[in-house]
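Working notes, structure below.
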Amino acid sequence: MKPNQFKKDMIKSLRACCWGIIGCLLAVAAWVIATPASAGVPDDGSVLPFPPTPSASVAGQTLQESKMQRRVEKSRLPKDAPNILIILLDDVGFGLPDTFGGPVHTPTLSKLAEEGISYNAFHTTAICSPTRAALLTGRNHQRVGSGTIAERAVDWDGYTGVIPRTSSTLAKVLGAYGYKTAAFGKWHNTPATETTAMGPFTLWPTGEGIGFDYFYGFLAGETSQWEPRLVENMNTVEPPHSETYHLSEDLADKAITWMRKHRAFAPDKPFFIYWAPGAAHGPHHIFKEWADKYKGSFDDGWDALRERTFKRQKELGWIPEDTKLTPRAESMASWDSIPASECTFQLRLMEVFAGFVEHVDVQVGKVIDELDRLGIRDNTIVFYIFGDNGSSAEGQFGTISELLAQNQIPNTIQQHLDALDKIGGLEELGGPKVDNMYHAGWAWAGDTPFRYTKLIASHFGGTRNPMAISWPARIKPDKTPRSQFHHVNDIVPTVYEILGIKPPKVVDGFDQDSIDGTSMVYTFADVKAPGSKQTQYFDNNGSRGIYYDGWYACTFGPLTPWLTVNPGLATWDSSKDVWELYDLRKDFSQADDLSAREPKRLDQMKALFLKEAKTNKAFPIGAGNWLRLHPEDRVKTPYTSWQFDATTTRMPEFTAPGLGRESNLVTVHAELGESASGVLYALGGASGGLTLYMDKGELVYEYNMMIIERYTARTQGKLTPGNHRIAVDTTIAKPGAPAEVILSVDGKEVARTTVKRTVPAAFTASETFDVGMDLGSPVSLDYFDRRPFAFTGKIEKVDVELK
């Protein structure tokens, strides 16, 4: 063969080969395009969402050759799958409900306990966001990025405040199985800087990362019960300005309405409701008549209350007969040490709190009654978790502005009493002009028989909460309390076992973390069944403990929540903490420390804690305290300048400019009418904030330093009608330092004031920055009765620069 011919033949062969390869590739591409993305996805629940049901129809070239047949969606749940209602109250402790020996009337908890079963060794994480994250995911709190509350998030993996897509929530999984899902009340699991109208919405309750179908409530850790900062799905909502409105009642009404809509629109689908009111977290807001029900009930103080509660707990069989009552911490005041001039104040704070707790329990009852009215109560399983942690000592010495504690601002009871007198006296406690919270001694009494309070994860005063479960169709009533050691992360696997669901391995393309919790189903019918949970660690702010097979080791940590200042926090070294050891099989209340008798066992327990802490991303120990030492590192947006106008409302404080805590210049371009009135801008609320407003032509600035101090600057005389450039120049050397505030109009100084103490972290948890009005609770009492005190002129723009 000639070389040229050989070459031509080779080229011809290569071309043919190439065209063959191209043909194969095109055929593969056509197959990929024609094949659904879900093809090959297993249909056993290991990968969610489930693949779509294939068509049952036949598509021929003509209608005559075709067959139409509706596809039948496959049911993936048992035919008798129950409705699920999880109720989670806030900041209420083991020793509060009269159901189990406490002083507060809780008829709904009593009803559910009588109709079902109760648990006296059920545990939370000692703090809000972490408990909720563990409850909804079935994982340990730090493993899902929730080692502290959302507002205190820091950038270590266990503390980011971001629930990862690798740990899907119960709502997400149940929704894939056909449940309709709704959440009501407090959320507190969205990053604080992702709560504006611009999102991102992934970690909002109805976002793709969480999975609820519907949400009505508030995103922050607390809010006013009178003027809550509400969200419905992804839209802000304003409550009615009404003397009869209360958030707990609103949440019950909304849940009832949603259940009725469910009956109308999807009666063949079971539902999952997560109902988590703000009660009884501070501020303690309640109608006067509910507080008055407890007048005189606590006149002998918290020490005596604790003794009475302890006695009743034993009489009811709620705690073992050999339980010991643990002592009060040396750093916490006795009732006898309270000056007589302060007793009335302290007593009323507790009366208000008790009324607040009873009121929310009654609202729970309305939701339960609706289940009966709809005829679905029998096959609805209700988990009533009485508290996301122990009772809270964050009111410290008693307060009318409870975020003083979070900001570590020193204060005296006399300051509170003086400020209260200016507002209206004791009658204002529980009302909208104050953010009151009771003395830590009452919280300690509410955690009887245990040591300590909320925020202390080492001892059960912070982590042990009563729970009742009722499911008439499947659970036989039994008054004997279940004493198996369990944790809030056990709820999800319990639900999965009830429904026959295996935890998915992949959700939305994300490989899933393993479940940390253990099912509690084995306890439903057998009160004496051996406990199945072998190990559980606890950690919050460096207060930590480890449970293993009936034994418990723990250390208190560096933070004492009932003290405003914690000496030694800055130099604390977690490796030098002194640990305690308890045999819970014989010691229900952690009364007898066995660390000196069993040092070897203690060392083994400490080593086990470190192993669990490392696995669950709890390092560095005490990361939740970082912002107490470094408030300048508070989570915030990256911006240093903004331009706003009258459309800017409901900007959450944690996303807004830090006008009250760092140097800044605000310039308002506005057109004033004759005797102009109304708010130009405001940040915060009644418990603390700042505002710039016009009052009958005069320009007024007020810095509300947590109610107990107020600083104002006011022009002498009215501003002329027309266009003006109004500037507020604020200089603050560092967080918490004094502020010099200068007001100018059209370049000329018109007023100034010195703020002796500024708020270093945040005025509020949920109030907002608003332009042209003051939504929510009003910053200034001067326009309380005129709220939201909308500006009568025109605001062109508001420029803000951090200096």
Is it the case that some residue within the range 436-459 is out of contact with any Ser or Thr (no Cβ under 6 Å at 6 or more places or on another chain), modelled with pLDDT of 95 or more and either farther than 21 Å from residue 330 by Cα or of a type in the set (D, E, K, R) (or both)?
-> yes
Restricting the range 323-336 to residues that are out of contact with any helix residue (DSSP H, G or I) (no Cβ under 7 Å at 6 or more places or on another chain) and either part of a helix (DSSP H, G or I) or without any contact (Cβ under 8 Å) to a residue 24 or more places away in the chain (or both), the one least open to solvent (accessible area, probe 1.4 Å) turns out to be 336
For the range 733-763, the count of residues that are open to solvent by 10 Å² or more (accessible area, probe 1.4 Å), touching a strand residue (DSSP E or B) at 6+ places or on another chain (Cβ under 8 Å) and not small (Gly, Ala, Ser) equals 12
Scan the range 44-70 and report the pairs whose first residue is within 18 Å of residue 507 (Cα to Cα) and whose second residue is surrounded by 10 or more Cβ atoms within 10 Å (Cβ to Cβ) and among the hydrophobic types (A, V, I, L, M, F, W, C), with Cβ atoms within less than 6 Å and a gap of 6+ or a chain change.
-> 47/41; 47/506; 48/176; 48/507; 49/176; 51/41
Do any helices (runs of 4 or more DSSP H) lying entirely in the range 400-465 carry at least 2 residues that are buried (at least 24 other Cβ atoms within 10 Å of the Cβ), and which ones are they?
-> 403-406, 440-446, 460-463
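What tally of residues in the range 344-393 results from selecting those that are assigned to a helix (DSSP H, G or I) and within 27 Å of residue 294 (Cβ to Cβ)?
26
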The range 528-585: number of residues that are among the acidic types (Asp, Glu), farther than 21 Å from residue 148 by Cβ and open to solvent by 30 Å² or more (accessible area, probe 1.4 Å) = 2
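Residue under question is residue 380, and the condition is that it be open to solvent by less than 10 Å² (accessible area, probe 1.4 Å), more than 27 Å from the chain's Cα centre (by Cα) and polar (S, T, N, Q); does it hold?
No; evaluated as a whole, the condition is false for this residue.
Any residue at all in the range 646-663 that's closer than 26 Å to residue 194 by Cα, in a strand (DSSP E or B) and either open to solvent by less than 30 Å² (accessible area, probe 1.4 Å) or touching a residue at least 60 places away in the same chain (Cβ under 8 Å) (or both)? Before the answer, list the steps.
The first filter runs over the range 646-663 and keeps only residues closer than 26 Å to residue 194 by Cα, leaving 646-663.
Narrowing the set further to residues that are in a strand (DSSP E or B) leaves 651-652.
After this cut, where a residue has to be either open to solvent by less than 30 Å² (accessible area, probe 1.4 Å) or touching a residue at least 60 places away in the same chain (Cβ under 8 Å) (or both) as well, the list is 651-652.
Yes - at least one qualifying residue is present in the range 646-663.
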Residue check: is residue 592 acidic (Asp, Glu), over 30 Å from residue 794 (Cβ atoms), surrounded by fewer than 18 Cβ atoms within 10 Å (Cβ to Cβ) and at pLDDT 95 or above?
-> yes
Out of 371, 316, 349, sole residue that is aliphatic (A, V, I, L, M), within 27 Å of the chain's Cα centre (by Cα) and under 26 Å from residue 120 (Cβ atoms) = 371
When every residue in the range 597-628 that is in contact with a strand residue (DSSP E or B) (Cβ under 7 Å, 6 or more places away or on another chain) and among the acidic types (Asp, Glu) is compared, the one nearest to residue 545 (Cα to Cα) is 612
Can you tell me which of 230, 247, 219, 203 is touching a residue at least 12 places away in the same chain (Cβ under 8 Å), in contact with a helix residue (DSSP H, G or I) (Cβ under 7 Å, 6 or more places away or on another chain) and open to solvent by less than 40 Å² (accessible area, probe 1.4 Å)?
-> 203
Determine the pairs where a residue that is under 23 Å from residue 453 (Cα atoms), located within the range 590-607, has a partner that is at pLDDT 95 or above and part of a helix (DSSP H, G or I) with Cβ atoms under 7 Å apart, the partner being 6 or more residues away or on another chain.
-> 590/460; 595/602
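The values are calculated or read from the model by the stated rules, or taken from the named source; none is laboratory data. Remember, it's a predicted structure, so these values are computed and weren't measured experimentally. Cβ atoms come from the backbone with ideal geometry, glycine included; neighbour counts cover every protein chain shown. Only protein heavy atoms, including side chains, enter the accessible area calculation; ligands, DNA and RNA are left aside. Shrake-Rupley method; radii C 1.70, N 1.55, O 1.52, S 1.80 Å.
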